[in-house]
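Report on the structure given below.
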Amino acid sequence: MDKKEILAFITANPTGFLATTDGKKPHVRAFGTYRADENGIIYFTQNVKDVYKQLAKHPDIEVCYWANQIQIRVIGKVQAVEDMALKQEIVAKRPFLKPQIDANGWDYLKVFALKNAKATVLDMKAGSKPGAPKDWVAL
């Protein structure tokens, strides 16, 4: 898969398994992807969650997406995004956030962009060979 195909796969399968660290302890959870395109992969969370604190302190992450016997692992470093237009777009498309924003203010919503990442693809249907070197695609 090339960059365009990987981003399309993530867009079609937006739930990934996000790995963060807290000190030396790994933490993994299913995590929704807001958008994946040429500008990066966009995630959001709330400032009261442990995942926010982990991303802010240790921005190196790995996300694994899985569908139709294809696994895509993406690694890189997230950057905080303070873009009010993007936050407003997210809340407009995710109306369940509006009461939280109304009660807590816009700083409650935290947005991160994963840019300059790289991805590797494992296609179980293609009979990938265990232990074979991984090909990494710049995103």
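No value in this document is a laboratory result; all are computed from the given coordinates. In this text, all values refer to a predicted model and were calculated from it rather than measured experimentally. So basically every Cβ, Gly included, is an ideal-geometry build from the backbone, and we count neighbours across all protein chains shown.
Laid out as a table, the results:
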item	result
Total charge dipole magnitude, the stretch 3-125, about the Cα centre, Cβ charges on Lys, Arg, Asp, Glu only, Debye to nearest 20	240
Among Y108, Y52, Y43: highest mean-square fluctuation, GNM of the chain, C-alpha pairs under 10 Å	Y108
Dipole of the chain, positive direction: furthest Cα of Q88, G76, A36, with charges on the beta-carbon	G76
Under DSSP loop assignment and at most 14 Cβ neighbours within 10 Å, longest GluC sites (Glu not before Pro)-free interval of the chain	83-139
Under 15 Å, Cβ to Cβ, from D83 - net charge with Lys/Arg +1 and Asp/Glu -1	+1
Equivalent ellipsoid dimensions for the chain as semi-axes, Å, which come from the Cα gyration tensor, largest first	28, 17, 13
The stretch 2-84: trypsin sites (Lys or Arg not before Pro) falling in loop per DSSP and having at most 13 other Cβ within 10 Å	K24, K49
Using θ = phi - 60° and Karplus 6.51 cos²θ - 1.76 cosθ + 1.60, couplings along the stretch 63-73 (whole Hz; Gly, Pro as x)	10, 10, 10, 9, 6, 6, 6, 10, 10, 10, 9
When each of K87/K110; K57/K110; K77/K129 is checked by Cα-Cα distance, pairs over 18 Å	K77/K129
Neighbour net charge for K4 - beta-carbon separation under 12 angstrom, K R +1, D E -1	-3
